[in-house]
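Structure first, then comments.
Just so you know, all these numbers are worked out from the coordinates, no wet-lab data involved. Being a predicted model, the structure only gives us computed values, none of them experimental. Note that each Cβ is placed from the backbone with ideal geometry, even for glycine, and that neighbours are counted across all protein chains shown.
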């Protein structure tokens, strides 16, 4: 067994296993080693508070009531894009028409736009309340440059929309909102500047609390590359409106992670150079991840110390420490603070105090990094960050990895940084890292300068939590390019890795912390052309069974051949437990221990009929005090076990606990508390309670009424004539019954 020491020279030789196929020949005998090791990073702590970003997130492009003008001379001016307006054509004149399919006699209104540079526009009226037609004149010569009255993008409604319309600086364009035939009504106009890159959504970042709440960040190129943030409360079926921060330039590479406390998430972005020279580390606090309007932004401005031009950032969160210690950010940054200056060097930052101080940390001598990811091992409370570093002296990409003690970030006992190389001097790029319970996995692209298009994936792994002990394995190696890996811990030693190959997204799983890997399977939908780009894919936190994967793809249904859209899929790693094998997983089964594929629930109490101890009576608690299989809510003797539920007198009280089992008495009145219900605890007319009716009962009543004698027990037994009261008539009623053939007492 090879060992390594804390020395600066290469001392760890790691053998790669054999692979199969044409690519295997290149990988035979390739080894990796630690080229350089570091023990103490340099740090700077910013004193003072974290700087609260001024202003709340803003909802993008909300429609304004900005009525169009009557004609070209009075056209409403569009001064900047994107532009949204609502208005009506009702009551306006029919001034213009352009024939696209059909001529029109409908009233129309006009907007004008003078582009400051050559641009391409989308003009959309899909949200209008009537069948619109839209056309555009270049200048006031009424030269038509675009017309639409049937746009399939507005389906199923029939409206007009023009996409990808070229407009040129030095001209004024008149946008006419018209109607089909002679129709008029309320319209909604959206004028959107198409981005130079023809991209709608890109570089998605997704996080999941595994309770139905998702948070999504993505670059929206249509709006000058703002990063939009949205949330879903129903596992991704519907999404909130987006919010964004206006940094004055193009932010990029959003990253988001679940904090672990119910609905709390944290996110970040790479700020544009217009924003304090691109120096700050920006933190988005999403305590209520389900409501983007509550998201709070703050930042630490390192520009005063010489930092500038951040290139890449990633965030990892964990709730195992103080509540304000959200986690870490790894990023690629430049500064004039050091001697010599650092350009695109590996950095880490974390919050240092509850009042908002933060520490920035770096290792020197590693200029030329490109990308980074980071993770926190929640069980070991250790942090890991990885970077691809181009060593200009050797002309190859290498792996830089650092580790820190999350329980005490100033603790150098566990701290360390390592530069890894392959002994055959092949390139290592786009590293991703995940860690759980001591298992740390780093997956990277690997290729040679002679065959740069044949990119394979290798895994750097350890199970003792120490990156000094990384060994290597092949994840996938074919003659096709396997690119841009992403990784997520699933459970135990199971990890999921995705990668892009030939326009499709693939996934592979390890169940032994990277020692072996499953045969990759395609996870993107057939027909989706997945974007092969850095961070075109993300994997959200897993519940140990499924993981949500989001990927960016060319969407043919969107206008423009290169438009990008995002798709979220649920990827099954392990099936959810199903104890009764009825096809319904336990977490969703209303009878998890009794097979009931139909999930019938007659009383809608969440307990299926097959296992509900009160099928027709709602009883969410399923309380069964006497354990006779009949819930208290429907048990006719809830305190006495009576499986047969016998009830001779059908009064709703079971025989076993009925104080008059043969005489209906649903209220179980027992006025003398002798355990026998009043309805069967006396003989009507037996006022003295001696068990028979005779003249003594009449005299007992008289004594009770006129001589303060004892009261009949129960009183009702003396109401011989059944008139609801006890008086002398009851005594005479008894005498008539006894001696004159009168009617029988009836109480």
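Extent of region 64-193 along each principal axis, from alpha carbon coordinates, in Å, largest to smallest?
Cα spread of region 64-193 along its principal axes, largest to smallest: 34, 29, 29 Å.
Kirkwood Rh, region 201-287, all Cα pairs: how many Å?
Value: 13.2 Å, from the Cα pair sum.
Sort out for me the Cα centre separation of region 244-276 from region 324-367, rounded to whole Å.
Taking the Cα centre of each part, region 244-276 and region 324-367 sit 17 Å apart.
With N denoting the number of residues in region 682-739, provide Rg(C-alpha) divided by 2.2 N^0.38 Å, to two decimal places.
Compared with the compact-globule rule of thumb, region 682-739 sits at 0.93.
Can you give the angle from 0 to 90° between the axis of helix 728-739 and the longest principal axis of the chain, with both taken from C-alpha atoms, to the nearest 10?
Rounded to the nearest ten degrees, it is 60.
Taking only the alpha-carbon atoms of region 554-713, what semi-axes of the equivalent ellipsoid follow from 5 times the gyration tensor eigenvalues under a square root, in whole Å, largest first?
Gyration-tensor ellipsoid for region 554-713: 66, 17, 11 Å.
Along its principal axes, what span do the Cα atoms of the chain show, with the longest given first and each in whole Å?
Taking max minus min along each principal axis of the Cα atoms, the chain gives 130, 88, 56 Å.
What ranking, highest mean first, results for peptides 539-552, 411-424 when packing means the other Cβ atoms within 10 Å averaged over each residue?
Highest to lowest by the protection proxy: 539-552, 411-424.
Could you check how many percent of all C-alpha pairs in region 344-463 are farther apart than 25 Å?
More than 25 Å apart: 26 percent of the Cα pairs in region 344-463.
Given region 242-346 reduced to its alpha-carbon atoms as identical point scatterers, what log10 I(q)/I(0) does the Debye formula return at q = 0.19 Å⁻¹?
The Debye formula, applied to the Cα set alone, gives -0.94.
To one decimal place, what orientation-averaged projected area in nm² is obtained for the convex hull of the Cα set of region 280-334?
4.7
If N is the number of residues in region 88-151, what value comes out of its Cα radius of gyration divided by 2.2 N^0.38 Å?
Rounded to two decimals, the normalised Rg is 1.16.
When the helices in the chain are scored as -39500 (n - 2.57) per DSSP H run of 4 or longer and the sum is shared across all residues, what 222 nm value do you end up with, to the nearest 500 deg cm²/dmol?
-1000 deg cm²/dmol
So if R0 is 22 Å, what FRET efficiency would residue 722 and residue 671 give, r being the distance between their Cβ atoms, rounded to the nearest 0.05?
0.80
Taking other Cβ within 10 Å of each residue's Cβ, how do 695, 428 sort, fewest first?
695, 428
Compute and list, largest first, the equivalent-ellipsoid semi-axes of region 305-351 from the alpha carbon gyration tensor, each √(5λ) rounded to a whole angstrom.
The answer is 26, 11, 7 Å, longest axis first.
Can you sort 684, 660, 459 by how many other beta carbons sit within 10 Å, fewest first?
Placing the least packed residue first, the sequence is 684, 660, 459.
Please order 379, 494 by the number of other Cβ within 10 Å, starting at the fewest.
379, 494
Take the eigenvalues of the Cα gyration tensor for region 441-529, scale each by 5, and report the square roots as semi-axes in whole Å, largest first.
23, 17, 9
Multiply the residue gap between residue 662 and residue 646 by 0.36 nm, knock off their C-alpha separation, and tell me the result in nm, one decimal place.
So the chain would gain 4.6 nm between residue 662 and residue 646.
Taking 7 Å along the Cα-to-C-beta vector as the label spot, tell me the residue 576-residue 534 distance in nanometres, rounded to one decimal.
That separation, rounded to one decimal, is 3.8 nm.
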